[in-house]
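K.L.:
First the structure, which I've put down as structure tokens, then a few questions once you've had a look.
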Amino acid sequence: MAVWSALALAFTVFAIPAFAADNPLTIVNNLSDFIFSCIRAIGIIILGWGIVQVGMSVQSHDASQRTQGFLCLFGGLLIAFAKEILSVIGVI
């Protein structure tokens, strides 16, 4: 019983209050920036893989691999610059 009492007293005495942010919109904006930075990183990885595929297709003279490489390259560009494209269109 003494241990439970000491534990309950410790929880009440050493409790740290959690302060919420003043503006909840800043939290949403920070989350949006984090998600778009993750999307940009994925787009840059796909862009790099597309460059590798185009280089390998030029070396091996493979037209289908070159097509896949260019599709991957342009898809990576679209994904990497998705936030800027959406802001130009006016969605964000």
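The values are calculated or read from the model by the stated rules, or taken from the named source; none is laboratory data. Computed from a prediction, not measured in an experiment: that's the story for all the values here. Don't worry about glycine lacking a Cβ; one is built from the backbone with ideal geometry, like all the others, and counts go over all protein chains shown.
K.L.:
Name every residue in the range 2-32 that is among the small types (Gly, Ala, Ser) and either assigned to a helix (DSSP H, G or I) or at pLDDT 85 or above (or both), in order of residue number.
P.N.:
Selection gives 2, 5, 6, 8, 10, 32.
K.L.:
How many of the residues in the range 56-92 are part of a helix (DSSP H, G or I) and in contact with a Gly (Cβ under 8 Å, 6 or more places away or on another chain)? If you could, list the steps in order and put the result at the bottom.
P.N.:
Residues of the range 56-92 part of a helix (DSSP H, G or I): 56-60, 63-80, 82-89.
The next check asks that each one be in contact with a Gly (Cβ under 8 Å, 6 or more places away or on another chain); those that pass are 56-57, 69-80, 82.
Selection size over the range 56-92: 15.
K.L.:
OK, next. Is there any pair linking a residue in the range 13-33 that is over 18 Å from residue 83 (Cα atoms) to one that is of a type in the set (Val, Ile, Thr) and at pLDDT 80 or above, with Cβ under 8 Å and at least six apart or on different chains, and which?
P.N.:
Going by the 8 Å Cβ cut-off, the qualifying pairs are 21/27.
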